[in-house]
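FYI, it's all coordinate maths here, none of it is from the lab. Computed from a predicted model, the values in this text were never measured in an experiment. As a convention, Cβ positions derive from the backbone with ideal geometry for all residues, glycine included, and neighbour counts pool all protein chains shown.
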Amino acid sequence: MASQVRIAIIGAGAVADYHHVPGIRLDPRAQLVAACDPNEQLLVKRKTDWSISKVTTDYREIANDPAIDAVIICTPNDTHYPITMACLDGGKHVMCEKPLGLNATEAYEMCNKARAKNLRHMTAFTYRFAPSMRYLRELVHSGNLGVPRHFRSQRFLDWPETSWGWRQYKKNAGAGDLFDMTIHRIDYAQDLMGRMTSICGAVAQYAPRDRTPDGKACPPSEVDDWSALICQFERGAVGVLEGTTLAKGYHYDGFGHDWAEVNGSEATAVYQLREPNTILVGKHGESLQKVEVPAEFLAPAGSPRNPSEGVPSTVFRYDLSWEFVSAIVEGRDAIPGFDHGASAQAVADAVLESFEKRTWINIPAR
């Protein structure tokens, strides 16, 4: 490998530009060297925006290029599996956006291939890197809350009811809010509380989304815009998770309402996306009080990011690429890996099965 980890981005849209490119630019161990996207006009723009010379519309060129060490995949959900498998075959380390595949079978195959080839693999579960989430994990795992009893999360967004493009069709997206937003909460719930062993879930659709933002007619949405589940965790706790894109009045500068809490036998602690550098904590007989997140949890050790700079609810996302590059340089597993992505996908799949059958679904360990 070269002195720097040479990274290509496949899928050059807003997610890559917002989350991943700023993180790569902050890291002296990394270099963005190429981009791939079917939109040739966008690639012309990215050559300038990202200061790169290599662009292509064919992901196979990226997969087979020996001058590229790693890829970050930010494409539609139905392309994650074939692109990842091709890049792994080409010897590339891979970070992929969630959901890893359209189902858990695809996700576990991606994980197994990465492991078999001894390549680093990572699922882009952004909120694991929020300072308050990192500190909440410490409070839970250290026993400072006592025995964890309940997990609860709400992800409420006030989005327009116009078309989501590819995201609203099952063949491309698999599901809606469930695969896009609730799957993040499934992931960090399991990181905090242990694996979900059984769930009862539901989805619903309220917005037809049969018009584009500029008013043109389009095929209506086929996926959910609300999802929820009740779960049991392997360590004995229970959880309730709910997400929607149709919560009027929950705009909050586009960040929406993102709340997650753990009720323990001794205390409660709460993460909020809008204030990721603080956490709410309360003990028995008290009320929740806002507490500053300790400095050591504001950014990963060694990260070049200055936690005091930028919008707090945005800048922690840059640490995804730091973790990915660190895992490559140090020859260790990235966290969260494809194994975490596949586990969350199995739960999301079970939500759809539960709603279809109107019953609880057991989720076996894998």
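Observations on the model:
- Cα centroid separation, the stretch 1-47 to the stretch 114-135: 18 Å.
- Built amide H within the under 5 Å cut-off of Arg211, gap 5+: Ser163, Cys218
- Each of Ser3, Cys74, Thr359 was scored by the projection of its Cα onto the charge dipole of the chain, and the greatest displacement toward the positive side belongs to Ser3; charges sit on the C-beta of Lys, Arg, Asp and Glu.
- Between the exposed loop cleavage positions of the chain, defined as chymotrypsin sites (Phe, Trp or Tyr not before Pro) in a non-H, G, I, E, B DSSP state with at most 14 neighbouring beta-carbon atoms within 10 angstrom, the longest gap is 1-205.
- Candidates per trypsin sites (Lys or Arg not before Pro) in the stretch 215-315, loop by DSSP, up to 12 other Cβ within 10 Å: Lys216, Arg235, Lys248
- By the helix-only formula, in which each DSSP H run with n ≥ 4 contributes -39500 (n - 2.57) and the sum is divided by residues, the chain has a 222 nm mean residue ellipticity of -8500 deg cm²/dmol.
- Percent of Cα-Cα distances greater than 20 Å, calculated over the stretch 5-124: 35 percent
- The reciprocal of the average 1/r between distinct C-alpha atoms defines the Kirkwood hydrodynamic radius, which for the chain equals 21.0 Å.
- Computed log10 I(q)/I(0) for the stretch 273-335 at 0.13, 0.19, 0.26 Å⁻¹: -0.47, -0.79, -1.10, from the Debye equation with unit scatterers placed on every C-alpha and solvent omitted.
- Surrounding net charge for Val240, when Lys and Arg each add one and Asp and Glu each subtract one, Cβ distance under 13 Å: +2
- Size of electric dipole in the chain: Cβ of Lys, Arg +1 and of Asp, Glu -1, about Cα centre, debye, nearest 20: 320 debye
- The stretch 174-319, Rg to Rh (Cα coordinates; Rh as Kirkwood inverse mean 1/r): 1.02
- Bridge orientation summary for the chain: considering DSSP beta bridges with both residues in this region, about 60 percent are antiparallel.
- Projecting the Cα positions of Cys218, Ala124, Thr314 onto the charge dipole of the chain (unit charges on Cβ atoms of Lys, Arg, Asp and Glu, taken about the Cα centre) puts Ala124 furthest along the positive direction.
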